[in-house]
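Here's the structure we're looking at; comments come further down.
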Amino acid sequence: FGGGMLLYGYGPGADAYGSATERLVNVLLAGNQAYGGSAVYAHHDHENDTLTILHNTIASPTPIDSPAVYVLWGTAHITDSIIVNHTTGIQRYDSTVTQDYNLFFGNTNNTAGSVSGGSHSVVGNPAFVNSAADNYHLPAASAAINIGANVGVTRDFEGQVRPQRCGFDAGYDESPYS
């Protein structure tokens, strides 16, 4: 479980750790594989534990036969991210999952299990520079450019200012193209 990242959270009273709040910001998870949650598997112990995924690129150069993000319990918010080439982009199981302003491409199903939101999410080709060579930067032809929302993330993974031009880009890279 959790080929890229396995997260466990513990709510109040569960143990000394207290309530869990995890944030993944400007992360690239590429080519990871696992039975459940090939990129991220979130198994919280309490429904008030929260995972927030902002400006992440979750992709594989070839299709992967498992969900990219699998949320077992707790709450997850996924925004301004790119999810490419998975059986399911985001899968919810007995949890609360919201998503919006994301780019989906090459997934059999973009969401499964009553994931809410998504009225601003887009299906389109991110046209990565060269995913086979692990170059997941966004070229001018990318559908991820200017589709994001302002979620308070003002720099990308290389420290470049967000937004570069007309709007926020989805994914971990903020492209200089508009």
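The values are calculated or read from the model by the stated rules, or taken from the named source; none is laboratory data. Since we're looking at a predicted model, the values are computed, not measured. FYI the Cβ positions are ideal-geometry reconstructions off the backbone, even for glycines, and counts take in every protein chain you see.
Answer yes or no: is there a residue in the stretch 63-78 that is modelled with pLDDT of 95 or more and polar (S, T, N, Q). No, the stretch 63-78 contains no residue that is modelled with pLDDT of 95 or more and polar (S, T, N, Q). Within the stretch 80-89, can one find any residue that is in a loop (DSSP other than H, G, I, E, B), surrounded by 15 or more Cβ atoms within 10 Å (Cβ to Cβ), among the acidic types (Asp, Glu) and modelled with pLDDT of 95 or more? Looking for residues that are in a loop (DSSP other than H, G, I, E, B), surrounded by 15 or more Cβ atoms within 10 Å (Cβ to Cβ), among the acidic types (Asp, Glu) and modelled with pLDDT of 95 or more, one finds at least one in the stretch 80-89, hence yes.
Looking at 51, 7, just one residue is modelled with pLDDT under 95, touching a strand residue (DSSP E or B) at 6+ places or on another chain (Cβ under 8 Å) and over 22 Å from residue 169 (Cα atoms), and that residue is 7.
Reported count of residues in the stretch 61-71, each being over 11 Å from the mean Cα position of the chain (by Cα) and crowded, with 20+ Cβ neighbours inside 10 Å, is 4.
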